[in-house]
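Inspection log for the structure reproduced underneath, given as structure tokens.
What follows is calculated from the coordinates using simple rules that are stated; it is not laboratory data. Worth saying up front: this structure is predicted, and the values here are computed from it rather than measured. Ideal geometry is used to build each Cβ from the backbone, glycine not excepted, and the neighbour counts take in all protein chains shown.
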Amino acid sequence: MNIKLKNKFLYFDEYKIKCAVGKRGITNKKIEGDYKTPSGFFKFKSIFYRNDRVPEIRSALKKRVIKKNMGWCDDPISKYYNKLIKFPFNFRAEKLWLRANIYDVIVIIDYNTGPIIKKRGSAIFLHIAKKDYTPTKGCIAVSKKDMNLLIGKINTQTQLEIY
């Protein structure tokens, strides 16, 4: 299955799903901290989720429970840039365990992962949108209902096209 992102909608099969993207739009020249969603073709790697808020995840992707000490390094000077980390951590990193529900389910998008290029952008996820679909820092965000639909259909071969 292929998914296309165009004009703040995801298209696949017979579905059209509203989504939020980066505050400054979509770019083919992504850099760390630019608030833009990267364009291109990507696959999905795995799912992280809060098992205290999401009882069951049905997906072909590998699943991992989010713990309170988990984060994602977004500091280009760290050797762990664009990788999962544990707090305490000596560099800048995004917390995955949040009070807000946006990270109740996180699908890791295979962006800047092999090889990782410093300052090219990190922590590009598919996650839960805020109720008003507020723009993201570069991620793609959908409603919780739509997330459940998506994760039931995607696998490691699913192609995400952003343009």
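Here are a few things to note about the model shown:
- Per residue, the chain reaches -2000 deg cm²/dmol at 222 nm when only DSSP H runs of four or more residues are counted, each adding -39500 (n - 2.57).
- Net +/- balance of residues flanking Glu161 in space, Cβ distance below 15 Å, scoring K and R +1, D and E -1: +3
- Other-chain or far-sequence residues with amide H under 5 Å of Thr136's (modelled H): Val21, Gly22, Lys23
- Distances between placed amide hydrogens fall under 5 Å for Arg64 paired with Ile47, Phe48, Tyr49, all partners being 5 or more residues away or on another chain.
- Remark: the stretch 35-52, residue by residue, has Karplus-estimated 3J(HN,Hα) of 6, 10, 8, x, 8, x, 10, 9, 10, 9, 9, 6, 10, 10, 8, 8, 6, 7 Hz, where x stands for each Gly or Pro and the curve is 6.51 cos²θ - 1.76 cosθ + 1.60 at θ = phi - 60°.
- Per residue, the convex hull spanned by the alpha carbons of the chain comes to 104 Å³.
- Net charge of Cβ neighbours under 12 Å - reference Ala20; Lys, Arg +1; Asp, Glu -1: +4
- Long-range amide H partners of Thr27 with built H, under 5 Å: Thr37, Ser39
- Fraction of antiparallel bridges per DSSP, the chain only, in percent to nearest 5: 65 percent
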